[in-house]
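All remarks here apply to the structure that follows.
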Amino acid sequence: MPLLTRPDELSELIAPTELAALAYPAAVAEVGAALLRRLPCLVECPKEVVPFFAQALRAHLKPHNLRCIPIDGRA
């Protein structure tokens, strides 16, 4: 990804489901790689980020036919 972006290359709207993948690409890739190796993972992040991070992780794992279920303690 280039460090500089021209204003005309920017999108006007970013879907909420893409936010975590764009904001935390290294974390999504690191957790995704660990899950692909069948390792347990614990992700600590603000609760507002959890659904977006989980969606980004699901999208990262979908091509590998690996599904995950986040455990967050909510009913």
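The values are calculated or read from the model by the stated rules, or taken from the named source; none is laboratory data. It should be emphasised that the depicted structure is a prediction, and the values quoted were computed from it without experimental measurement. Every residue, glycine among them, receives a Cβ derived from its backbone with ideal geometry; neighbour counts consider all protein chains shown.
Values as computed for the structure displayed
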item: Residue 30 surrounded by 10 or more Cβ atoms within 10 Å (Cβ to Cβ), out of contact with any Leu (no Cβ under 7 Å at 6 or more places or on another chain) and acidic (Asp, Glu); result: yes
item: Residue check, residue 43 within 12 Å of the chain's Cα centre (by Cα), part of a loop (DSSP other than H, G, I, E, B) and not aromatic (Phe, Trp, Tyr); result: yes
item: Residues within region 51-64 that are without any contact (Cβ under 8 Å) to a residue 12 or more places away in the chain and either in contact with a Cys (Cβ under 6 Å, 6 or more places away or on another chain) or surrounded by 12 or more Cβ atoms within 10 Å (Cβ to Cβ) (or both), tallied; result: 2
item: Filter result for the condition that a residue is among the hydroxyl-bearing types (Ser, Thr, Tyr), over 13 Å from the mean Cα position of the chain (by Cα) and at pLDDT below 90, over 5, 17; result: 5
item: Qualifying residue in region 25-36 (condition: assigned to a loop (DSSP other than H, G, I, E, B) and either at pLDDT below 90 or of a type outside the set (Val, Ile, Thr) (or both)); result: no
item: Those residues of region 1-24 which are within 30 Å of residue 73 (Cα to Cα) and part of a helix (DSSP H, G or I), in sequence order; result: 16, 17, 18, 19, 20, 21, 22, 23
item: Subset tally (residues that are over 21 Å from residue 18 (Cα atoms) and of a type in the set (Lys, Arg)) for region 34-73; result: 2
item: Members of region 33-44 found to be surrounded by 10 or more Cβ atoms within 10 Å (Cβ to Cβ) and free of Cβ contacts under 8 Å to residues at least 12 places away in the same chain, listed by number; result: 33, 34, 41
item: Yes/no for residue 48 being at pLDDT below 80, loosely packed, with under 10 Cβ neighbours inside 10 Å and of a type outside the set (A, V, I, L, M, F, W, C); result: no
